[in-house]
Structures are given as structure tokens and as C-alpha cells.
1. Give the residues of region 295-315 that are within 15 Å of ligand 2 (Cβ to nearest atom), over 27 Å from Gly91 (Cβ atoms) and of a type in the set (Asp, Glu), sorted by residue number.
2. Having 3 or more residues that are out of contact with any Pro (no Cβ under 6 Å at 6 or more places or on another chain) and under 30 Å from Val178 (Cβ atoms) is the bar; report the strands (runs of 3 or more DSSP E) wholly within region 1-108 that clear it.
3. Suppose we filter region 259-289 for residues that are over 15 Å from Ser314 (Cβ atoms), in contact (Cβ under 8 Å) with a residue 12 or more places away in the chain and not charged (D, E, K, R); how many remain?
4. So Phe140 fits all but one of (1) in contact (Cβ under 8 Å) with a residue 60 or more places away in the chain; (2) surrounded by 15 or more Cβ atoms within 10 Å (Cβ to Cβ); (3) within 16 Å of ligand 2 (Cβ to nearest atom); what number is the exception?
5. How about region 242-280: which of its residues are within 11 Å of ligand 1 (Cβ to nearest atom) and more than 14 Å from Lys208 (Cα to Cα)?
6. Return the total of residues in region 196-218 being more than 25 Å from Gly87 (Cβ to Cβ), more than 16 Å from ligand 2 (Cβ to nearest atom) and buried (at least 24 other Cβ atoms within 10 Å of the Cβ).
7. Of everything in region 109-139 that's under 17 Å from Asp270 (Cα atoms) and in a loop (DSSP other than H, G, I, E, B), which residue is farthest from ligand 1 (Cβ to nearest atom)?
8. List every residue pair whose Cβ atoms lie under 6 Å apart, where the two residues are 6 or more positions apart in sequence or sit on different chains, the first residue falls within region 294-308 and is among the β-branched types (Val, Ile, Thr), and the second residue, located anywhere, is assigned to a helix (DSSP H, G or I) and surrounded by 24 or more Cβ atoms within 10 Å (Cβ to Cβ).
Amino acid sequence: MLIVMDHNATPEQIEVVNQRVRDLGFTPQPIPGGHRVAIGVLGNQGYVDEGPFRGLPGIRDFVHVTKPFKLVSRDFHPEDTVVRVGGVPVGWNEEPVVIAGPCAVESADQVLAAARAVKAAGAHLLRGGAFKPRTGPHSFQGLGFEGLEILAEAAREVGLPVVTEVMRIDQLDRVARVADCLQVGARNMQNFDLLKETGRVGKPVLLKRGMSATLDEFLAAAEYVLLEGNRQVILCERGIRTFERALRNTLDLAVVPYLRGATHLPLIVDPSHALGRRDLVPPVARAAMVVGAAGVMVEVHPDPASALCDGPQSLDPAGFRALMADLRSFRPGA
Ligand code: PEP
Ligand code: MN
């Protein structure tokens, strides 16, 4: 970090900053400029928090050289991380992965029908939420632990690893017994305690981008998980809130090549939640693959018209088969 001093900062003020740098265990390196001084902070291993310097007199600005997400950054870990979800590799240069299944676990018949359909069409992983973070408390909240058992049973039957959401720390152990990958949803992307605990469980984590999170905040959230010793993190872009209202969210696919350069963690795209409309899911899933996503996650329901959650964006089995055929046509093996 560089601490830029005011042009009229006094030598005493500069010395107070130097001393604060030393107190933090770093070395201050004054860099004289034309009419102002900057103080370089040397000796840091990672990001230096500007908090201890804020409010000291004579400081004009802070320039960060290191980003606040060292572990997720390619700078410190150039090779791709390949996350293994129940044996399925997920990585920037692996075969693109397709995660499919219903938004919510509604019943044993519903999940089994969805699981059979997505397996038959070639999905690699089964998704389904037993715990649902709903905007309003009157909406279907998910079947909870009972839903987890239903999901586990369907996954066993068709032989697909499972991705399912965990919303609270006190659910973690039981969710982790069923899940091959723990999903942390958009609304919990900055639930830092939950992130830390998921990092300790030792299962892969699928971290969805918060609906108003910048990419730096997204990566900093992943850093919480990695800091606990768990590198097995898959990022998921699911669109963000903007002024645009025509679709459910705004999906910026430039994020895919940007994050490929910024992080070794794989990124998948969720066009279902990004768009909110099933007719737009197939072309955008294809586009995500074209820009190099490590995979896609799509919602599939045996009868979308009767879905208790996110029916309008859910593909039916035939729609999902067509999507898989399309993806295979230009990415063999997808
Ligand atoms: C989901 O994938 O089930 C979900 C709730 O999505 P998001 O957290 O992206 O809204
Ligand atoms: Mn959903």
C-alpha cells in the first residue's frame, strides 16, 4: 500500500504515519514527489488494511497495490484450481460441468422425476434446495431437513452428486452429510460467519455472487472460505440488480473472461436466476460456454407450471434435453 500525504503535511505528521507503519510490523519507505510525499508500506505478505491509518492528520489518499483477496488471486496461485464434486472435476480448463435440478425440493416424486430427467440428458451434478431463502415469509420456504433426505435418496437412485444450499451455521453439519457441494446463496454471499464455517467443513463450496456485489467483493467473500484452508470453491455468476427491470437480473458475461484472468477458482454461470425466463436460458447458457465458463447451473422441473418456486425460469425435461444437445453440438463432451 502507498499512503499519499497532503502537500502541506508536516514532518511530524509524516513521522506519526511512519511510526504507525512500524507499529504494525511493516517498514515505511518515504517516496518524495514533486510537492508531496508518499509513504510505501513494505514487508507485508498480503493486503494491508488502511483502517489503522484512517483519520491520521496529513493523509490524502491510500493506493492499494495488493488486492484484499490474495488466496483466490492468480497472482499468488497461477495454476487453475480443479474442484472435485463427488468425483466430477470443475475447473476453467476441464470439461464444462452442467448442474441441473429443481429450484426447491417439493416432494419425493418431484425430485426423483427431475433427477432422472437431468441424469438421462447428461447432467453431471444434481441441484435442489431444501432450505430456500425466499424474499417474503409467505412463500414456500423449502422442506428443510426432510427435503434433504428426499434429495439424498433421489441422488443415490440416479447416481449423481448433489449441490444444495446451506443458509445457517447450525444446519451445516447435517447439510454437509448429504451435500457433495455446499451452496452459499446470493443473499448470504456476505454472511462472513457462514463463509468461515463452510470453509472448515471440508466440502466443496459453490458461492453465488451477491445481487449487489462488486467482483472485488465476490472474490473477497471467496477469500473467507480459502482462509479456513478450503480451496475447493466454485464461483457462480447469477446476475446482479441494475436499473434494468425487463429481466429478473442483469447478466454480464464479460465477468467470465475477467474472472478467468483474475482467479484460479472456476466460475460457472446460472442463467435461470439471472434471466427469470426459461425461453432465454438455452441461448444464454450457450453464450456462457462460448465465453469460457467452467459450466452452467440451470433449473429443471418435471412440471414447471406446478413448481412452488421459480417455475417461470425452470426448463421442463424436454427443454433440458434440447439444451444439452445444443451444448454438446459446439462443445463436444459438454
Ligand atoms: C438458488 O440457486 O437456489 C438460489 C436461491 O439462487 P440465488 O442465491 O442466486 O438467488
Ligand atoms: Mn431458484
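1. Asp310, the sole residue that qualifies.
2. Working: elements: 2-5, 27-32, 37-42, 59-63, 83-85, 88-90, 97-101.
Correct list: 97-101.
3. Final tally of qualifying residues: 13.
4. (2)
5. Arg248, Gly276
6. The number of residues fulfilling the criteria is 1.
7. Checking each candidate, the answer is His124.
8. Taking only residues 6 or more apart or on different chains, the pairs are Val296/Ala285; Val296/Ala288; Val298/Ser272; Val298/Val281; Val300/Ala114; Val300/Val118; Val300/Phe320.
Any read-out appearing in this document is the output of simple, stated calculations on the displayed coordinates, not a laboratory observation. None of these values were measured; they are calculated from a predicted model. When we count neighbours, we look across all protein chains shown, and the Cβ atoms used for this are built from the backbone with ideal geometry, even at glycine.
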